[in-house]
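**Student:** To start, I am sharing the structure in question, which I have written as C-alpha cells.
The values are calculated or read from the model by the stated rules, or taken from the named source; none is laboratory data. Fair warning: this is a prediction, and the values are worked out from it, not measured in the lab. Every residue, glycine among them, receives a Cβ derived from its backbone with ideal geometry; neighbour counts consider all protein chains shown.
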Amino acid sequence: MATDSDPSLRPLGAFFEPLRDRRKGTKKLRFPLVDLMVMSVVAVIGGADDWEAIALFAEGHLAWFRAHLNDTLPRAPSASTFRDVLTCLRPTEVLPCFEAFSRAFARTHNTPEHQVIDGKALCGSWKHGLAPLKLVHAWSAKHGTLTNFRVMRDGSELPAILALLGSLELKGTITTLDAGGAFKKVARTIVTAGGGYLLAIKGNQPTLHGQIAERMLAVSRGEADPALNTVHHTEQRTNGMEERTLWAAPAKDAPAALRWPGARSVVLQRRVVTRAGVQTVGWRYGVSTLLPDDTAGLSALLRGHWGIENKLHWSLDVVFREDASTLRNTRSQVLFAVLRRIAHTALTKAPPARTTRKTSLKGSRFLAGHKEAYLDSIIASVFAGS
C-alpha cells in the first residue's frame, strides 16, 4: 500500500485489476491492460481528450510512467494500441471500476447527507441520426464529488435511475431529483432504503402539479397566506441579485401527494434573478418527505441540487470538453466517460495548484499536464489511500 506521500500508481491500477484482457498470450504482452488504463486516466487528468492525445501524453511522460507505474515499458503505446485494446472492454466491465473507485473515495468522506440525481447527454456522441449517449449521475452536494453514474438505455431514464439508486447508500440521506426522475417507484425505492427525498414536480405529473399550484395560488399572486410555512433568502452577487422565497404545506393539502410513499410536504419556490436591471422569475414545485415546517432544509435542498450543474456538468463540458467529443463508438464513449469522471474527482480533490492564488479547474488540469511535480501531488493525495 502506498503511503500518503508516495506518488505510486499501483493503488489506481488496483481498480482496474478485475478487467479481462481479451488479447491472446497475455503473459508476453508489452503493454498490460491495467497499465493502459492507468496511463489513460493520468493522461486525461493532464489534458488528453482523445486517443491520439493519450498516446502523445504517454510518449511525453514515458520516463515518469516508468518510474511510477512499470519500469519495463519498452516505449509509449500508440494511439491504435490504446484504442484497439481498451474498446474491447464492455461498458458492463468498465462501470464497476468507477464504482469501486467512488466507494474507496467515499470511505474517506462520510456518507453524503444530500444526494443529487440528474441526467446529462453527451451531445457530440450522436451516430447516424441516433440520440446522443445519456448518463445519470449521483452527486454528493456536501462533498462536491460524483458518487456513481449509470448509462441510459434506449433513452429511458427510469431504469437507469433505479439501477443507480440501488448502488448507493441511501439510509439517512436525502435524495433530490428533477422532474424527469419524479416517479412513485423512485420515491418508494428511496423510502424503502431508509432515505428521504425532494422531487421536482412539473407537467409530467399533472394532477399533483395542478393541486400544488391551486394550494399555492394566493402566494403566487402576491397575496399573504399565513397557513403556509415560509422562508426568504436574498443573495447579492457580483453580477446581480437573487431572491428565493419558499412556501411549504402539508402533503394532505394536495391529496395526490398522499399517494407518494413517505410524502409529508408539498412546496413552491419562487426565484427572482436581477441582472443589469432585467428581472427573471422562475417557479419550482415539489413533493418531499421533509416536514412542511422545515423550510430552511427544503430551501437548502433546492439550492444544493443545482450544484451538480455548476460543479460537474459545466466542468465536464468546459474543462473536459465532453460535449465537443465526437466519439461514435459506444464503448469509447462509456470508457472516456469513466476516465473523465475519475480525472474530475482527482482534480477537484487534489491540493491547490498554487498556494499564492486560486487556480481554476482548467488551469489545474493544464498544470498537471506540464508539471510532473504537481502530477505527483495529485496521485499521492487522491489515490494513495485508496
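**Student:** Taking the stretch 307-327 only, how many residues are assigned to a loop (DSSP other than H, G, I, E, B) and either at pLDDT 90 or above or in contact with a His (Cβ under 9 Å, 6 or more places away or on another chain) (or both)?
**Tutor:** Keep residues of the stretch 307-327 that are assigned to a loop (DSSP other than H, G, I, E, B), which gives 319-327.
Filter once more, keeping what is either at pLDDT 90 or above or in contact with a His (Cβ under 9 Å, 6 or more places away or on another chain) (or both): 319-322.
Final tally of qualifying residues: 4.
**Student:** Could I ask something else about it? List pairs: first residue in the stretch 12-29 and small (G, A, S), second residue at pLDDT 85 or above and assigned to a helix (DSSP H, G or I) anywhere in the structure, Cβ distance under 9 angstrom, at least six positions apart or on different chains.
**Tutor:** Filtered contacts from the stretch 12-29: G13/V34; G13/D35; G13/M37; G13/V38; A14/V34; A14/A100.
**Student:** Separate question: Just a yes or no: is a residue in the stretch 334-343 of a type in the set (K, R), buried (at least 17 other Cβ atoms within 10 Å of the Cβ), under 26 Å from G180 (Cα atoms) and in contact with a strand residue (DSSP E or B) (Cβ under 9 Å, 6 or more places away or on another chain)? Please lay out each step first, then the result.
**Tutor:** The first filter runs over the stretch 334-343 and keeps only residues of a type in the set (K, R), leaving 340-341.
Imposing the further condition that a residue be buried (at least 17 other Cβ atoms within 10 Å of the Cβ) reduces the set to 340-341.
Of the ones still in play, those that are also under 26 Å from G180 (Cα atoms) are 340-341.
Narrowing the set further to residues that are in contact with a strand residue (DSSP E or B) (Cβ under 9 Å, 6 or more places away or on another chain) leaves 341.
Scanning the stretch 334-343 turns up at least one residue that is of a type in the set (K, R), buried (at least 17 other Cβ atoms within 10 Å of the Cβ), under 26 Å from G180 (Cα atoms) and in contact with a strand residue (DSSP E or B) (Cβ under 9 Å, 6 or more places away or on another chain).
**Student:** Of everything in the stretch 173-218 that's over 20 Å from the mean Cα position of the chain (by Cα) and among the small types (G, A, S), which residue is farthest from G262 (Cα to Cα)?
**Tutor:** For the stretch 173-218, the residue satisfying everything is A218.
**Student:** Let me ask something else. Give the residues of the stretch 221-235 that are surrounded by fewer than 17 Cβ atoms within 10 Å (Cβ to Cβ) and closer than 17 Å to S299 by Cα, sorted by residue number. Break it down stepwise before answering.
**Tutor:** Quick first cut of the stretch 221-235, residues surrounded by fewer than 17 Cβ atoms within 10 Å (Cβ to Cβ) only: 221-227, 230, 232-235.
Within the stretch 221-235, T230, H232, H233, T234, E235 meet the criteria.
**Student:** Moving on. Among the acidic types (D, E), in the same structural domain as T87 (by TED's automatic domain parsing) and touching a residue at least 40 places away in the same chain (Cβ under 8 Å): does that describe E372?
**Tutor:** yes
**Student:** May I pose another question? Scan the stretch 121-145 for residues that are of a type outside the set (V, I, T), at pLDDT 80 or above and in a strand (DSSP E or B) and jot them down.
**Tutor:** A121, L122, L133, K134, L135, H137, A138, W139, S140 - these are the residues of the stretch 121-145 that are of a type outside the set (V, I, T), at pLDDT 80 or above and in a strand (DSSP E or B).
**Student:** Answer with yes or no whether A182 is under 18 Å from W139 (Cβ atoms), touching a Leu at 6+ places or on another chain (Cβ under 9 Å) and surrounded by fewer than 20 Cβ atoms within 10 Å (Cβ to Cβ).
**Tutor:** no
**Student:** Could you tell me whether T355 is farther than 19 Å from H61 by Cα and free of Cβ contacts under 8 Å to residues at least 12 places away in the same chain? First the steps, then the outcome.
**Tutor:** Details: farther than 19 Å from H61 by Cα: yes; free of Cβ contacts under 8 Å to residues at least 12 places away in the same chain: yes.
It is true that T355 is farther than 19 Å from H61 by Cα and free of Cβ contacts under 8 Å to residues at least 12 places away in the same chain.
**Student:** G203 fails exactly one of the following numbered conditions: (1) among the small types (G, A, S); (2) in a helix (DSSP H, G or I); (3) closer than 28 Å to A163 by Cβ. What is the number of that condition?
**Tutor:** Result: G203 passes all but (2).
**Student:** Of everything in the stretch 248-273, what is in a strand (DSSP E or B) and surrounded by fewer than 15 Cβ atoms within 10 Å (Cβ to Cβ)? Give them in sequence order.
**Tutor:** The answer is V272, and nothing else.
**Student:** Now a separate question. As an exercise: evaluate K171 against (1) at positive phi; (2) surrounded by fewer than 13 Cβ atoms within 10 Å (Cβ to Cβ) and give the number of the one condition it does not meet.
**Tutor:** The failed condition is (1).
**Student:** Pick out, from the stretch 31-113, the helices (runs of 4 or more DSSP H) lying fully within it that include 2 or more residues that are under 26 Å from E169 (Cα atoms) and either of a type in the set (G, A, S) or at pLDDT 95 or above (or both).
**Tutor:** Counting at least 2 such residues, we get 91-106.
**Student:** Mind listing just one residue for me: the one in the stretch 146-176 that is among the hydrophobic types (A, V, I, L, M, F, W, C) and part of a loop (DSSP other than H, G, I, E, B) and, of those, farthest from A104 (Cα to Cα)? First the steps, then the outcome.
**Tutor:** Initial filter on the stretch 146-176 (among the hydrophobic types (A, V, I, L, M, F, W, C)): 146, 149, 151-152, 158, 160-165, 168, 170, 174.
Restricting the remaining residues to those that are part of a loop (DSSP other than H, G, I, E, B) gives 152, 168, 170.
Working: M152: 24, L168: 13, L170: 17 Å.
Checked the stretch 146-176; the qualifying residue farthest from A104 (Cα to Cα) is M152.
**Student:** Which pairs have Cβ atoms under 8 Å, sit 6 or more apart or on different chains, and link a residue in the stretch 315-343 that is farther than 18 Å from P91 by Cβ and touching a residue at least 40 places away in the same chain (Cβ under 8 Å) to one that is crowded, with 21+ Cβ neighbours inside 10 Å and hydroxyl-bearing (S, T, Y)?
**Tutor:** Filtered contacts from the stretch 315-343: T326/S125.
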